[in-house]
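Asks: One structure follows; several queries about it will come next.
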Amino acid sequence: MKVMIVVTHLLGTGHLSRALTLGRAFVQAGHEVLKVSGGMPAPQLDSSGMSLLGLPPLRSDGTNFTRLLTQSGEVADADYMSARSVALTEAVRSFSPDVLITELYPFGRRSLSAEFTAALDAARALPRPPVILGSVRDILAPPSKPSKAERTDQIISEHYDGVLVHSDQTVIPLEVSWPVSEQLQKRLHYTGFVAPDAPTAHPQRTGEGEILVSAGGGSVGQPIFQTAIEAARKMPNRRWRLLVGGQDAQARIKQLTPLVKDASVALEPVRPDFRQMLPIAAASVSMCGYNTALDILQTGAPSVFVPFDDGSEVEQTLRARTLAALPAIEVIPSQMLDAELLARAIESATSGPERTVPDRGFDGAAKTVEIAKTLLEGRI
């Protein structure tokens, strides 16, 4: 199969990371993959085996996902957006996929609806139209009004053969965050959770016994890093490693460095071997994005989640509440975060019973390949 995956990450890199995990699964199954990315470059992520196409990149203005900025920070104008649309539709026509997967759209990325609509129209106009699938995580940003859900149903009815839900229906059904109509229910395909293979311990034992503090690959989480430095002084017997993401990581590290002083804290940019550090870390402090949550579950690392909840974001809070019932997991709402509470939460997460590491349920990428193949074969 020729598989085209279209993704635009606007704030962090979670959407891109999950799309790449899907892409690698298709490659491993012997299929040809073109991954089209419309977000900021993220060279630390593994895109091995795939062809890559970068659209003129976009990022959101913080959590304002309707105000889109170029890589240089200027507001993306009509010409810039048109160039993206042209590049995307040309890619559809030239690659002529058997399967086209749009990540998040039409449940989100409504500010990019023009380019997605153009791409979907181009796909349907091909001599052999592809199977078209939406791809969504376990929890979505709920629609602010019924008309948005109705419009999503309409787009799916007109253009899509199915929607891949990367969750376990018995754990987190889509209804938790999105109104699932009878019409939509018929298009849903639950894949299970999408995660890379569980990491083995870092060969150089990097991160062993440390408290790892991360906030994904985007330019967010500065309050978490600042609070972690303060908490480190309250826990002098612990070593801390802060992994700072985003295009401006070096500038943010420079801002944090004067705060460290005599604390046992190392500052560095995000690194590709982060997952290998988790199995031997003393604890993890992070937000609660989809990929991070799965990393914690796969490694058994004691964890303190500080869910991202800026603006109207509720996704991470809903996920964290679900996980809080498990051993060795503590949750601190962002508005309550302070050094004393963080130190106590780490002590609680590391001193209680260990959490059993599940040995199944993370093969959603392989299940996605099976679903796409079955749908394509059913059409031929």
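The values are calculated or read from the model by the stated rules, or taken from the named source; none is laboratory data. Because the structure is predicted, anything quoted here is derived from the model rather than measured. Quick reminder, even Gly has a Cβ in these numbers, built from the backbone with ideal geometry, and neighbours come from all protein chains shown. Accessible surface areas use protein heavy atoms only, side chains included; no ligands, DNA or RNA. Shrake-Rupley method; radii C 1.70, N 1.55, O 1.52, S 1.80 Å.
Asks: Open to solvent by 50 Å² or more (accessible area, probe 1.4 Å) and in contact (Cβ under 8 Å) with a residue 24 or more places away in the chain: is that true of residue 24 in this structure? Walk me through it before giving the result.
Replies: Working: open to solvent by 50 Å² or more (accessible area, probe 1.4 Å): no; in contact (Cβ under 8 Å) with a residue 24 or more places away in the chain: yes.
So residue 24 does not fit the description; no.
Asks: From the residues in region 3-21 that are farther than 26 Å from residue 376 by Cα and part of a loop (DSSP other than H, G, I, E, B), which one is most open to solvent (accessible area, probe 1.4 Å)? Before the answer, list the steps.
Replies: Here is the first cut: in region 3-21, the ones farther than 26 Å from residue 376 by Cα are 9-14.
The next check asks that each one be part of a loop (DSSP other than H, G, I, E, B); those that pass are 9-13.
Values: 9: 9, 10: 8, 11: 48, 12: 26, 13: 21 Å².
Per the stated criteria, the residue is 11.
Asks: Cβ-Cβ distance below 8 Å, separation of 6 or more or different chains: which pairs start in region 76-105 with a residue that is open to solvent by 60 Å² or more (accessible area, probe 1.4 Å) and end on one that is not basic (Lys, Arg)?
Replies: Between residues of region 76-105 that are open to solvent by 60 Å² or more (accessible area, probe 1.4 Å) and residues that are not basic (Lys, Arg), the close pairs are 93/122; 93/126.
Asks: Can you name every residue in region 149-174 that is among the charged types (D, E, K, R) and modelled with pLDDT of 95 or more?
Replies: Restricting attention to region 149-174, the residues satisfying the condition of being among the charged types (D, E, K, R) are 150-151, 153, 158, 161, 168.
Across region 149-174, the qualifying residues are 150, 151, 153, 158, 161.
Asks: Of the conditions (1) aliphatic (A, V, I, L, M); (2) out of contact with any His (no Cβ under 8 Å at 6 or more places or on another chain); (3) farther than 22 Å from residue 137 by Cα, residue 11 satisfies every one except a single condition; which number is it?
Replies: (3)
Asks: Just checking, which of 36, 27, 75, 86 is in contact with a Gly (Cβ under 9 Å, 6 or more places away or on another chain), over 19 Å from residue 104 (Cα atoms) and not small (Gly, Ala, Ser)?
Replies: Within the list 36, 27, 75, 86, the selection yields 27.
A quick yes/no check of all residues on (1) closer than 23 Å to residue 229 by Cα; (2) of a type in the set (Phe, Trp, Tyr):
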| position | (1), (2) |
| --- | --- |
| 308 | yes, yes |
| 326 | no, no |
| 337 | yes, no |
| 348 | yes, no |
| 362 | no, yes |
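Asks: Looking at the structure I just gave you, is residue 365 within 27 Å of residue 233 (Cβ to Cβ) and either touching a residue at least 12 places away in the same chain (Cβ under 8 Å) or not in a helix (DSSP H, G or I) (or both)?
Replies: Numbers: within 27 Å of residue 233 (Cβ to Cβ): no; either touching a residue at least 12 places away in the same chain (Cβ under 8 Å) or not in a helix (DSSP H, G or I) (or both): yes.
When the stated conditions are applied, residue 365 does not pass them.
Asks: Please determine whether any residue of region 141-156 is in contact (Cβ under 8 Å) with a residue 12 or more places away in the chain and within 18 Å of the chain's Cα centre (by Cα). Lay out the reasoning, then the answer.
Replies: So in region 141-156, the residues in contact (Cβ under 8 Å) with a residue 12 or more places away in the chain come out as 141-144, 146, 148-149, 151-153, 155-156.
Next, from what is left, pick out any that are within 18 Å of the chain's Cα centre (by Cα): 141-142.
There is at least one residue in region 141-156 that is in contact (Cβ under 8 Å) with a residue 12 or more places away in the chain and within 18 Å of the chain's Cα centre (by Cα).
Asks: Another question, if that's okay. Consider residue 91 against the criteria (1) outside any loop (DSSP other than H, G, I, E, B); (2) at positive phi: it satisfies all of them except one. Which criterion is unmet?
Replies: All conditions pass for residue 91, except number (2).
Asks: Enumerate the helices (runs of 4 or more DSSP H) found wholly within region 113-187, keeping only those where 2 or more residues are of a type outside the set (A, V, I, L, M) and surrounded by 15 or more Cβ atoms within 10 Å (Cβ to Cβ). Working first, answer last.
Replies: On the way: elements: 113-124, 146-159, 182-185.
Because the criterion is at least 2 residues that are of a type outside the set (A, V, I, L, M) and surrounded by 15 or more Cβ atoms within 10 Å (Cβ to Cβ), the helices (runs of 4 or more DSSP H) in region 113-187 that meet it are 113-124, 146-159.
Asks: Restricting to region 341-375, name every residue that is among the β-branched types (Val, Ile, Thr) and open to solvent by less than 70 Å² (accessible area, probe 1.4 Å). Step through it out loud before you land on a result.
Replies: Here is the first cut: in region 341-375, the residues among the β-branched types (Val, Ile, Thr) are 346, 350, 356-357, 368-369, 371, 374.
If the condition is that a residue be among the β-branched types (Val, Ile, Thr) and open to solvent by less than 70 Å² (accessible area, probe 1.4 Å), then 346, 350, 357, 368, 369, 371 are the ones that fit.
Asks: Which of the helices (runs of 4 or more DSSP H) found entirely inside region 231-335 contain at least 2 residues meeting this: in contact (Cβ under 8 Å) with a residue 60 or more places away in the chain?
Replies: Working: elements: 249-260, 274-277, 290-299, 315-323.
Because the criterion is at least 2 residues that are in contact (Cβ under 8 Å) with a residue 60 or more places away in the chain, the helices (runs of 4 or more DSSP H) in region 231-335 that meet it are 274-277, 290-299, 315-323.
Asks: Every residue in region 52-73 that is open to solvent by 60 Å² or more (accessible area, probe 1.4 Å) and of a type in the set (S, T, N, Q), please.
Replies: Listed by number, the residues that qualify are 64, 66, 71, 72.
Asks: Within region 308-340, take every residue that is open to solvent by less than 40 Å² (accessible area, probe 1.4 Å) and modelled with pLDDT of 95 or more and give me the one that is nearest to residue 233 (Cα to Cα).
Replies: 339
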